[in-house]
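Below is one structure, written out as structure tokens, with a few remarks after it.
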There are 4 protein chains.
Amino acid sequence: MEKRFIFKENVRIYDTDAQGIVHYAGYYRFFTDALEQFVKDRIGGTFPLLEDGVWFVVVESNAKYYKPARVGDELEVSLSPTLLSEKVIKFNFGIERSGELLCDGYITQVALNESKWKSVPIPKKFVDRIFQKKS
Amino acid sequence: MEKRFIFKENVRIYDTDAQGIVHYAGYYRFFTDALEQFVKDRIGGTFPLLEDGVWFVVVESNAKYYKPARVGDELEVSLSPTLLSEKVIKFNFGIERSGELLCDGYITQVALNESKWKSVPIPKKFVDRIFQKKS
Amino acid sequence: MEKRFIFKENVRIYDTDAQGIVHYAGYYRFFTDALEQFVKDRIGGTFPLLEDGVWFVVVESNAKYYKPARVGDELEVSLSPTLLSEKVIKFNFGIERSGELLCDGYITQVALNESKWKSVPIPKKFVDRIFQKKS
Amino acid sequence: MEKRFIFKENVRIYDTDAQGIVHYAGYYRFFTDALEQFVKDRIGGTFPLLEDGVWFVVVESNAKYYKPARVGDELEVSLSPTLLSEKVIKFNFGIERSGELLCDGYITQVALNESKWKSVPIPKKFVDRIFQKKS
């Protein structure tokens, strides 16, 4: 079962470009910040470099932009994970400002054994805590 | 009709992260570099801020990652545009290293009147030159 | 009189590079985050774009690096401002991890009238609040 | 003896911020691009990760900003190195647009043995080629 996680973010001047709004690639910073905090809160490790030589690498990223964000804006980034297979997890994001949806998207990641650079099953402990399964 | 444009890129140290490979959002830098050079070569203006107050803003971005790139790699970024409507254009990208596809994706942009922040038809001159129509 | 402000920061994967440590230019993100939060707390506006058309532009940046920071590190960024002239302010930063100094440096900024792009005296209200002068 | 190296750069939309000009930290991208190309031209390796486990890490960065650069600007970045000690090298940069100086600064780097993370003398071959000494 999926749970929703909320991360608060401030738009900084370096997130913006000469159009006066957040640069399209800047929203991926917001996705990443929310994701790293989410894993830290649930599990305590350092994402995407977990202990035991398991790393998560990104295989797809996507964002749709509905309304622009500007410097000083306070954003709420929501995150909900979906397990696509035993090796692949999709993190879905929504970015709101005062309840208005500005952007949504996802990052899909696969677990790797970092010394062999081969995909591996996501550790059970990671899956259990990410999805808050009772044990 | 679509034409293919090739832009040569070098992977820099700041494109990489602690996994030793290009950070997923770094590929959008390569997409953007190719796109701005493409428009400059075809039309001569400064994309995404065209003359006459027409700006292009991004409404969707997507990338799929097949193989990692590393610092010092020499990349070939190919670009082909597709006109989705009179206001919306999609730029499709592929990134290769020595003929091997590392990443592909797209950026979809809509034309705006920047003072009113309202979508407008893409100027005919822009469309003609981007798609190299005979006049 | 100067007051010390502390901002807590998390090192993210995008701050690092293939050396496994924070990229040298990444520390300027930490400086900027602390500075924007500092002004927001003291004054409430959106730095570096203040109301009344006063903007702050950077005229010098400097950082010295003593120890590397890594993804997942929790940092404390301290900030103390110095008024160099009626138009110029220097923000001094130190970055510590568990009490160990990793980096220090500064950003020097000048106040501008943004429509004329000419330097102007820093507004008195800004100076008073930044330096917490009694009125 | 120092030699001057020139690298041509294009200002991209992601280099700019909501002030309509290049963000102060963006100039370090131009410094880095010039430096990596310079080493590649002179020596052929991948800077800052050389062969034989020698890495260069940044111990200081500095930039002074005189005139703003904007999206689409074509810049000339000049580089001249100075050997500060057998382990430390300073790279000095100047950024011009149509002969007008916009920014100058430097990056100081120390050579490390990457497995021990200890400073080491810069390899003689590197010094000879960087400074184009006759052998």
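Could you tell me whether region C:46-60 includes any residue that is of a type in the set (Phe, Trp, Tyr) and over 18 Å from D:ASP17 (Cβ atoms)? The answer is no; no qualifying residue exists. Remark: pairs (first residue in region C:116-135, at pLDDT below 90; second residue not in a helix (DSSP H, G or I); Cβ separation under 9 Å; 6+ apart in sequence or on different chains) = C:GLN132/C:MET1; C:GLN132/C:LYS3; C:LYS133/C:MET1. Only one entry of D:GLY72, D:GLY99 meets the criterion of being free of Cβ contacts under 8 Å to residues at least 24 places away in the same chain, more than 30 Å from C:GLY20 (Cβ to Cβ) and out of contact with any Phe, Trp or Tyr (no Cβ under 6 Å at 6 or more places or on another chain), and that entry is D:GLY99. Of the set (1) in contact with a strand residue (DSSP E or B) (Cβ under 6 Å, 6 or more places away or on another chain); (2) surrounded by 17 or more Cβ atoms within 10 Å (Cβ to Cβ); (3) under 30 Å from A:LEU112 (Cα atoms), all apply to B:LYS67 but (2). Scanning region D:46-63 for residues that are of a type in the set (Gly, Ala, Ser) and within 8 Å of another protein chain (Cβ to nearest Cβ) returns D:SER61, D:ALA63. Kindly indicate whether D:PHE7 is more than 7 Å from every other protein chain (Cβ to nearest Cβ) and assigned to a strand (DSSP E or B). Criteria met by D:PHE7.
One line per residue, one yes/no per condition, for (1) over 23 Å from B:TYR28 (Cα atoms); (2) out of contact with any Asp or Glu (no Cβ under 7 Å at 6 or more places or on another chain):
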| residue | (1), (2) |
| --- | --- |
| A:ILE13 | no, no |
| A:ASP17 | no, no |
| A:ILE43 | yes, yes |
| A:LEU49 | no, yes |
| A:SER80 | yes, no |
| A:GLY94 | no, no |
| A:GLY105 | no, yes |
| A:THR108 | no, no |
| A:GLU114 | yes, yes |
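Of the residues that make up region B:122-133, is at least one under 13 Å from the mean Cα position of the chain (by Cα) and surrounded by 14 or more Cβ atoms within 10 Å (Cβ to Cβ)? So far as region B:122-133 goes, yes, one or more of its residues are under 13 Å from the mean Cα position of the chain (by Cα) and surrounded by 14 or more Cβ atoms within 10 Å (Cβ to Cβ). Note on region A:63-107: residues that are touching a Pro at 6+ places or on another chain (Cβ under 8 Å) and over 29 Å from A:ILE122 (Cβ atoms) total 1. Going residue by residue through region C:64-72, is there one that turns out to be at the interface with chain A (Cβ under 8 Å from one of its Cβ atoms) and touching a Leu at 6+ places or on another chain (Cβ under 7 Å)? Checking region C:64-72: at least one residue is at the interface with chain A (Cβ under 8 Å from one of its Cβ atoms) and touching a Leu at 6+ places or on another chain (Cβ under 7 Å).
Residue under question is C:VAL77, and the condition is that it be assigned to a loop (DSSP other than H, G, I, E, B), in contact (Cβ under 8 Å) with a residue 60 or more places away in the chain and not charged (D, E, K, R); does it hold?
no
Within this structure, A:THR82 passes the test of being surrounded by fewer than 17 Cβ atoms within 10 Å (Cβ to Cβ), among the β-branched types (Val, Ile, Thr), away from chain C (no Cβ under 14 Å) and within 25 Å of A:GLU9 (Cα to Cα).
Looking only at region C:16-44, which residues are farther than 15 Å from C:PHE93 by Cβ, in a helix (DSSP H, G or I) and more than 8 Å from every other protein chain (Cβ to nearest Cβ)? C:ASP41, C:ARG42 - these are the residues of region C:16-44 that are farther than 15 Å from C:PHE93 by Cβ, in a helix (DSSP H, G or I) and more than 8 Å from every other protein chain (Cβ to nearest Cβ). Return yes when D:SER61 is outside any loop (DSSP other than H, G, I, E, B), touching a Gly at 6+ places or on another chain (Cβ under 6 Å) and closer than 24 Å to B:VAL71 by Cα and no when it is not. The answer is no for D:SER61.
The values are calculated or read from the model by the stated rules, or taken from the named source; none is laboratory data. Since the structure is predicted, the reported quantities are computational estimates derived from the model, not experimental observations. All Cβ positions, glycine included, derive from the backbone under ideal geometry; neighbour counts span all protein chains shown.
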